[in-house]
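Trainee: Structure in structure tokens, see below.
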């Protein structure tokens, strides 16, 4: 168990971590960071703008994610995320070189069926790709995708950010043959209050730069 050999280290954060010292995070060896931007139709992360600016200022490749609620309109959720991104990004949701693709966090059903969730997620991803100029990422837990959704093969054209903690390697799910990002542990990190999610990119730093190009 632990960090996979040859991968690129990073973290993801939200308001739960409050104020992050991004220079210290970068000095500790992390190379990228995802920050929560929004959730559902109306919730915005209070620390997103600070995390978005601070991670770039510290030299990390940065990404933003949206926590999806399947019982709310997908296009409206996409627009809510894009508005949060635009506010933090100088007025435009378009992602510049150095910005990783946006990510969609799929981990609750809110009573929706698997088919409804997947259809809505596809709509969100299409809308956000058109606005940001980059193919978004799908984030999900192994157990959620396999057990709750029935291990569907949908959305496998999008890069996968897989969450499975404290294992030697993440399981294969759905139609994906491999993962791009792996959330593998929750640990203390210098510069972050308390603990935070630890992530790995499945490739070289040059590969990661190309993804953020």
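The values are calculated or read from the model by the stated rules, or taken from the named source; none is laboratory data. Because the structure is a prediction, the values reported are computed rather than measured. Backbone-built Cβ (ideal geometry, glycine too); neighbour counts: all protein chains shown.
Trainee: Identify all residues within the range 1-41 that are at pLDDT below 95 and in contact with a helix residue (DSSP H, G or I) (Cβ under 9 Å, 6 or more places away or on another chain); write none if there are none.
Mentor: none
Trainee: Follow-up question, since we're still on this one. Can you pull out the strands (runs of 3 or more DSSP E) entirely within the range 145-213 that have at least 1 residues that are in contact with a helix residue (DSSP H, G or I) (Cβ under 7 Å, 6 or more places away or on another chain)?
Mentor: In the range 145-213, the matching strands (runs of 3 or more DSSP E) lie at 160-163, 195-201.
Trainee: Criterion first (touching a helix residue (DSSP H, G or I) at 6+ places or on another chain (Cβ under 6 Å) and free of Cβ contacts under 8 Å to residues at least 12 places away in the same chain) does residue 92 satisfy it?
Mentor: Yes.
Trainee: Which one of 89, 166 is under 21 Å from residue 45 (Cα atoms) and at pLDDT below 95?
Mentor: Every option except 89 fails the conditions.
Trainee: Within the range 173-196, track down each residue that is over 14 Å from residue 138 (Cα atoms) and in contact with a strand residue (DSSP E or B) (Cβ under 9 Å, 6 or more places away or on another chain).
Mentor: If the condition is that a residue be over 14 Å from residue 138 (Cα atoms) and in contact with a strand residue (DSSP E or B) (Cβ under 9 Å, 6 or more places away or on another chain), then 184, 185, 186, 187, 188, 189, 192, 194, 195, 196 are the ones that fit.
Trainee: Which number in (1) within 23 Å of residue 211 (Cα to Cα); (2) in contact with a helix residue (DSSP H, G or I) (Cβ under 8 Å, 6 or more places away or on another chain); (3) not in a helix (DSSP H, G or I) marks the one condition that residue 134 misses?
Mentor: (2)
Trainee: For the range 102-115, does any single residue satisfy the condition of being within 28 Å of residue 164 (Cα to Cα) and at pLDDT below 95?
Mentor: No: zero hits.
Trainee: Between 140, 126, which is part of a helix (DSSP H, G or I) and at pLDDT 95 or above?
Mentor: 126
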